[in-house]
Amino acid sequence: MGLFTKRKTIYLDNAATTPVDAEVLKAMLPYFSEKFGNASSQHLIGQEAKRALEESRDVIANSINAKREEIIFTSGGTEANNFVLKGLFFANNPGSNSKEFEGRKKQKNHIITTKIEHDCVLNSCKWLEKQGAKITYLSVDKEGFIDIEELKNAITSETLVVSVIHGNNEIGTIQDLEAIGKICHEKNVYFHTDACQSYTKTLIDVKKQNLDFVTLNSHKIHGPKGVGALYIHKNIKGKIVPLLHGGGHEFGLRSTTENIPGIVGFAKAVKISGSSNVKYMTKLRDKLIEEILKIPRTQLNGPKGEMRLCNNINICFNDIEGEAIGGYLDSYGISSSTGSACASHSLDVSHVLKAIGLNHQQINSSIRLSLSKLNTEEEINYVLEILPKIVEKLRKISPLAKKE
C-alpha cells in the first residue's frame, strides 16, 4: 500500500467543530417531533417546550456558577460576541434619534481587546471604529499571553469593556481570567471573555473570575451547530441594547423563537462533559506534541502544559507549506487545519501566528491538530506513523529546504 493511499478517517479538526454525541442526538430528537411546541405558547405542548428551555438554562448557568436569569441563548459565539460589543457601545453612545436611552449623554467609547481574538471580535471592533469607538489591541508574547501591566496601563476613564479570548482557537493559549477580572473590577470596567473553545475544558467561574459577559457555544463540545449562550451579569441586563427586537424573548434581550432542540442538545452536551474527558485529551495532546517535535526543524506554537487547551496542537514545520501537509494528511484520511477554520475564506496569513512573532514562511508552514474525546490512541499512533513520512517527502522537493 502506498504512502498516500487513504485507509481510514481520523478527524483532528475539532477546534472547527465536533461531531454530535449520540447521547446529545437522542436527547434532541423528541423536540423535533412529539415535543415540537413553541416555548411562548400557553398550551400544554408549548409549556412542555418551555420547561425544557428553562431546565437547559439551569444546566448552562450551573456550569459557570451563574444564575439562570443571566443566561441568554443565542445562535452561537459570533452572535454573542457581536451582541456584547455592539450592544454595550450603542447603549453608552446612543444616536441623536435614540429613544431607548433618551436623555443619556454619550459616555464611555473605549474598548480594549487583543490581537489574537476570533475574527468576529476583531471585525466587530473594526466596524465599531467607524461608528466612533476607540479600540486598543493588546499585544501578546511568543506564547500568546497578554501583558497584565499593558492591560492596566491601557484602561482609561473612557474604557467601557475589556474583551479577551479565554482559550485561543488557533494556538490553545489559556489566559488568566482571574487576574484580568480583578483588574477590570478594580478599574470599574466591564469584562467579557469569548470562551467558545475553553468551555467545559477548563474552569469558568463568573464570580471567582469577576466576569460580566461570557460567550459560549455548543458545537465545540459535541452539541449541535447553530446554538450558543451569552452570560450577562444580572446588574448589566438593562445597560445593553439588544441586536434583535421582536416579541421580547430571552428576558427582552434576544427576540426570536427559541431553538428548543438545539438548546436541549447544548445542555446535554454540557451534562456529559467532564474532567475525565479533559485528562484523556490532555494525554493524547502531550503524546502528539512530544512525538511530532522529534521531527527535525519543528516548533510548537503556543504554550506547553496546563495553560494550553487540552485538545490543541499547533506545529510549525519549517521549509514546507502547511497547506501541502494538510492536503497529504487529508488524502490519507486525516483531517487537520492550517489555522482557524472560521478564517479559511481569506487568503491572509493567520493574525494569531503573526501576533506571536512568526514570520510569513513560518506561518505558512504551520498546521493545527485538534482532538476530541472520541479520538483514540490507535488513531494518534497512526498519525505519528504517517506524518513524519509526509514531512520527509515534502522537504525533499521543497526549494526552501534545498537552500539549507
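The values are calculated or read from the model by the stated rules, or taken from the named source; none is laboratory data. Just so it is clear, the structure is predicted and the values come from calculations on it, not from any experiment. No Cβ is skipped: glycine too gets one built from the backbone with ideal geometry, and neighbour counts run over all protein chains shown. Just so you know, the surface numbers come from the protein's heavy atoms only, side chains and all, with ligands and any DNA or RNA stripped out. Shrake-Rupley method; radii C 1.70, N 1.55, O 1.52, S 1.80 Å.
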For the stretch 381-392, in residue order, the Karplus 3J(HN,Hα) values (coefficients 6.51, -1.76, 1.60; θ = phi - 60°; whole Hz; Gly and Pro = x) are 4, 5, 4, 5, 7, 7, 4, x, 5, 5, 4, 4
Total charge dipole magnitude, the chain, about the Cα centre, Cβ charges on Lys, Arg, Asp, Glu only, Debye to nearest 20
220 debye
Two-site label geometry, ASP58 and LEU374: point separation in nm, points 7 Å out along Cα→Cβ
3.0 nm
Show me the ranking of peptides 260-271, 356-367 by mean Cβ neighbours inside 10 Å, starting with the highest.
260-271, 356-367
Tell me, what ³J(HN,Hα) does each residue in the stretch 308-321 have, in order and in whole Hz, if you take phi through Karplus 6.51 cos²θ - 1.76 cosθ + 1.60 with θ = phi - 60° and put x for Gly and Pro?
10, 4, 5, 10, 10, 10, 9, 10, 9, 9, 4, 5, 9, 7
Of the options ASN235, ALA267, SER255, report the single residue whose Cα projects farthest towards the positive end of the charge dipole of the stretch 229-280 (beta-carbon charges: Lys, Arg +1; Asp, Glu -1).
ASN235
Please state the shape class of the stretch 214-285: rounded when a/c is under 1.5, otherwise prolate if a/b exceeds b/c and oblate if not, all from the C-alpha gyration tensor.
prolate
Provide the per residue accessible area, probe 1.4 Å, for the chain, rounded to a whole number of square angstrom.
44 Å²
Helix 177-187 versus the longest principal axis of the chain: what is the Cα-based angle in degrees, 0 to 90, to the nearest 10?
40 degrees
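If I take every Cα pair under 8 Å that is 6 or more residues apart in the stretch 267-404, average their sequence separation and divide by the length, what percent do I get for the relative contact order?
31 percent
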For percent of Cα pairs over 29 Å apart, the choices are [x] 47; [y] 64; [z] 42; which was calculated from the structure?
[x]
Mind checking the full-extension length gain between ASN381 and LYS237? Use 0.36 nm per residue of separation minus the Cα-Cα distance, one decimal, nm.
46.9 nm
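With the convex hull built on the Cα atoms of the stretch 275-399, state its orientation-averaged projected area in nm².
Numbers: hull surface 31.4 nm².
If you wrap the Cα atoms of the stretch 275-399 in a convex hull and average its projections, you get 7.8 nm².
Restrict the search to the stretch 284-324; then list the trypsin sites (Lys or Arg not before Pro) that DSSP places in a loop and that have at most 15 other Cβ atoms within 10 Å of their Cβ. Write down the numbers at each step before the final one.
Working: sites: ARG285, LYS287, LYS294, ARG297, LYS304, ARG308; in loops: LYS294, ARG297, LYS304.
For trypsin sites (Lys or Arg not before Pro) across the stretch 284-324 that sit outside H, G, I, E and B with at most 15 neighbouring Cβ atoms in 10 Å, the list reads LYS294, ARG297, LYS304.
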Over the stretch 213-323, what relative contact order in percent results from Cα pairs under 8 Å that are six or more residues apart?
18 percent
Quick one: pull the percent of accessible area on the chain belonging to carbon and sulfur, 1.4 Å probe, ligands and nucleic acids left out.
50 percent
Could you work out how far apart the two model spin labels at LEU400 and SER331 are, taking each label as a point 7 Å from the Cα in the direction of the beta carbon, and quote it in nm?
1.9 nm
